[in-house]
Amino acid sequence: METSEIILSGDTAGIEWRLPVLRFKGSDPKAPKVYIQAALHANELPGTALAHFLCEQLRQCESAGLIRGDITVVPQANPIGTAQSHFGELQGRFDLASRTNFNREFPLISAKDRDTLIDNLDHRTAVDKLKRQLMHMALGADLVIDLHCDDEALQYAYIDDAFWPEAQDLAAAFDMEAVFLSDGESSAFEEAVGHAWKYEEAGEKKAQLPGKLSVTVELRGRRDVYPEMAAKDADGLFRFLAGRGVIDSAVPAASFTGPAVPLDNVEMIRAPDAGTILFHRNIGETIAEGELLATLITRPGAIDGSVEVRAPQAGLIVTRTSERFVRRRGDLMKIACENPSRAARKAGTLED
Ligand SMILES: [Zn+2]
């Protein structure tokens, strides 16, 4: 394992950030190259724990000469976000200086322009430098795994249609409980990488990208950071890498049996009014149309001081907010359903 650091100069005098990058050299130039990063949203640590255990396995494989494809691991991809504490609470999703989501506004370029990402970085902001360095590393790989987590959630992934159904092996290796098929229409890291590959040839948009993968894996909820879980997830990613020929190790074939639904079929359950949330249903439960999901206490103590939130259609509850107070139109749940939601959805990501 070779360790290096990318230095990112800050936006004010005297500040710089150091981004550790771990590399394992493969023996076969034809084997897929892999890029794995975790905690781009700095307060989402299940992936960092996974990467810690995975690197231990990869070091053993390296000693035994079993690594075929180059593997790059960035176990804590956002030193800027990691340092943002506001009134004692880590603020890992948005850059406080620019108010932008750390996982949006990645450059939408063609893969053939990869090297322009890190040209003349000096005049760019620290966050922009970070995004460009991460994307530059990712575009040097064939398989790109971005490890995130949700609030309270099952284990699931956002996978662009362009990689499906080939990527079922990833869902099976992780033993995922659901897959959301995305349309590639955002500037999130995973979708910007997919965009670069789709537009690699001038004047042509590739609809399918065989042999490639760029994916956001949601490793359950923010508090699901435990040694057994992280080791199990590391085993899952290891199985995927072995299955794709990156590591020389025999793995039993597995198939994905969970639901894979387009983003249009995800019901975003929003609060009709502000209030204290009493959940009746939890993640992992399959619910019927019209079933009571939550009661919101909107006017505590008053007659008729509560409202019910019911399921618009049958489905599997994949995520739930960990908060117990919600503002009007705040998100309560994501439910994976068989049919498209009747609620209008803009192209791109489900959440800001
Ligand atoms: Zn995230």
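The values are calculated or read from the model by the stated rules, or taken from the named source; none is laboratory data. None of these values were measured; they are calculated from a predicted model. Methodologically, a virtual Cβ is constructed for each residue, glycine included, from the backbone with ideal geometry; neighbour enumeration extends over all protein chains shown. We work out accessible area using only protein heavy atoms, side chains counted, and drop any ligands, DNA or RNA first. Shrake-Rupley method; radii C 1.70, N 1.55, O 1.52, S 1.80 Å.
At a glance:
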item: Spin-label model distance (nm) - Leu278 vs Glu185, 7 Å beyond Cα toward Cβ; result: 3.9
item: Calculated log₁₀ intensity ratio I(q)/I(0) where the Debye formula runs over C-alpha points of the stretch 105-203, q = 0.23 Å⁻¹; result: -1.25
item: Accessible area of the chain divided out per residue, in Å², using a probe of 1.4 angstrom; result: 46
item: Nitroxide proxy distance, nm - points 7 Å out along Cα→Cβ at Arg59 and Arg328; result: 5.6
item: Inter-part distance where the stretch 232-290 and the stretch 294-343 are each reduced to a Cα centre, Å; result: 20
item: Exposure rank, largest accessible area first [Arg99, Arg299, Arg328, Arg68; 1.4 Å]; result: Arg99, Arg328, Arg299, Arg68
item: Within a Gaussian network of the chain (alpha carbon springs, distance under 10 Å), most fluctuating of Ser182, Ser322, Ser255; result: Ser255
item: Area of Met137 that stays accessible when all protein chains are in place (1.4 Å probe, Å², to 10); result: 20
item: Highest-MSF residue in the chain out of Arg114, Arg342, Arg132 [GNM, Cα springs under 10 Å]; result: Arg342
item: Net charge of neighbours whose Cβ lies under 11 Å from the Cβ of Asp169, counting Lys and Arg as +1 and Asp and Glu as -1; result: +1
item: In degrees, nearest ten, helix 46-63 long axis to first principal axis of the chain (Cα); result: 30
item: Per-selection Kirkwood Rh - the stretch 264-336 (Cα, Å, 1 d.p.); result: 12.2
item: Distance between modelled label sites at Phe87 and Asn43, nm, 7 Å Cα→Cβ extension; result: 1.2
item: C-alpha long axis of helix 126-138 to longest principal axis of the chain, angle in °; result: 70
item: Global form of the stretch 64-142, assessed from the alpha-carbon gyration tensor, a/c cut-off 1.5; result: oblate
item: Segment Arg342-Thr100, length gained on full extension (0.36 nm per residue, minus Cα span); result: 84.2 nm
item: For the chain, with +1 on Lys and Arg beta carbons and -1 on Asp and Glu, the positive-most of Asn103, Ser63, Leu219 along the dipole; result: Asn103
item: Rounded tilt (10° steps) of 227-243 against the dominant C-alpha axis of the chain; result: 50
item: Enclosed volume per residue, in Å³, of the convex hull spanned by Cα atoms of the stretch 3-47; result: 118
item: Solvent-accessible surface (1.4 angstrom probe) belonging to His280, in square angstrom, nearest 10; result: 90
item: Rg [Å, one decimal], Dmax [Å, integer] - the chain, C-alpha atoms; result: 20.8, 71
item: The stretch 2-258 - share of DSSP beta bridges that are antiparallel (%, nearest 5); result: 50
item: Part-to-part distance (alpha-carbon centres) for the stretch 185-209 and the stretch 1-74, which is given in Å; result: 24
item: Summed residue charge, Cβ within 11 Å of Glu291's Cβ, Lys/Arg positive, Asp/Glu negative; result: -1
item: Hydrodynamic radius of the stretch 153-246 per Kirkwood, over alpha carbon pairs, in Å; result: 14.2
item: Accessible carbon and sulfur surface of the chain relative to its total accessible area, %, 1.4 Å; result: 49
item: By accessible area with a 1.4 Å probe, ligands and nucleic acids excluded, highest first: order of Ile67, Ile118; result: Ile118, Ile67
